[in-house]
Amino acid sequence: MANQQKKNRLLILGIFGMSIIPFLIAWGIRQNPEILTGRTNKGQLITPPVPTERNDLTGFDQFSADNMAELFGHWLIVNVITDTDCNDKCQEAIYKTRQLQLMMSKDLTRTRRIVLIFKEVDPEIADHWWPEDRFLLKVKPSDALVEKITEIRQGAIPDGMLFLMDPLGNLMMQYESGFDPYKVKSDLTHLLRVSQIG
């Protein structure tokens, strides 16, 4: 008899534990969301992805105009220059993406780097922003693309921010100014691993 009562108590405690434990786990995650950061992206996912068209991009200089075909079918690492000057943050971001692409090692050929130049800038002035960066493609966005990016950012496009664009021309992820290239590499490596294109 005493043995049966002990079994019943253990059964009741087990049922109680099974019902309360999920609530405790959910509460703990809500109070400490950083617990899950190991499973999330380092940048901000753009949902839904924002599509662009081929004619949204035109070459800023002769080299870029001659190599526009390089943009299609590759993952694009996109720096943005919204003003007539590329300040220190902007130049640092361009340097970081150069390092980022080199870190991609075997996936390097699946990526291309571009700079979107929103305003009219003298090409001779712009050449001082990326000295000896021979493979960087400089691109002018269409008004429609500028509008889409402004909408994604809700009007505020900071100097030195970054986008990732897939081979179909969809803007997929964004990174704030001062981004860590190692964290971008982590996201980009994951995207390349699961991608069936580019």
Taking into account only those residues within the range 109-146 that are among the charged types (D, E, K, R) and either over 23 Å from the mean Cα position of the chain (by Cα) or part of a loop (DSSP other than H, G, I, E, B) (or both), which is surrounded by the most Cβ atoms within 10 Å (Cβ to Cβ)?
D133
The lone exception for L171 - which of (1) touching a Pro at 6+ places or on another chain (Cβ under 7 Å); (2) assigned to a helix (DSSP H, G or I); (3) closer than 19 Å to Q44 by Cα it fails:
(2)
Under 8 Å between Cβ atoms, which residue pairs at least 6 apart in sequence (or on different chains) link something in the range 136-159 that is assigned by TED's automatic domain parsing to the domain that holds Y95 with a partner that is of a type in the set (K, R) and loosely packed, with under 15 Cβ neighbours inside 10 Å?
P158/K89; D159/K89
Only listed residue being touching a helix residue (DSSP H, G or I) at 6+ places or on another chain (Cβ under 7 Å), of a type in the set (S, T, N, Q) and more than 19 Å from P49 (Cα to Cα), chosen from S177, S142:
S177
Let me spell it out: the conditions are (1) closer than 28 Å to H128 by Cα; (2) modelled with pLDDT under 90, and T40 meets all of them except one. Which number is the exception?
(1)
Sort through K140, K119 and tell me the only one that's of a type in the set (D, E, K, R), at pLDDT 95 or above and within 21 Å of F60 (Cα to Cα).
K140
Filter the range 83-108 for residues that are buried (at least 19 other Cβ atoms within 10 Å of the Cβ) and among the β-branched types (V, I, T) and give the result.
I94, T97
Only one of these is part of a helix (DSSP H, G or I) and touching a residue at least 60 places away in the same chain (Cβ under 8 Å): S186, S177. Name it.
S186
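The values are calculated or read from the model by the stated rules, or taken from the named source; none is laboratory data. Quantities reported herein were computed from a predicted structural model and do not represent experimental measurements. Note that each Cβ is placed from the backbone with ideal geometry, even for glycine, and that neighbours are counted across all protein chains shown.
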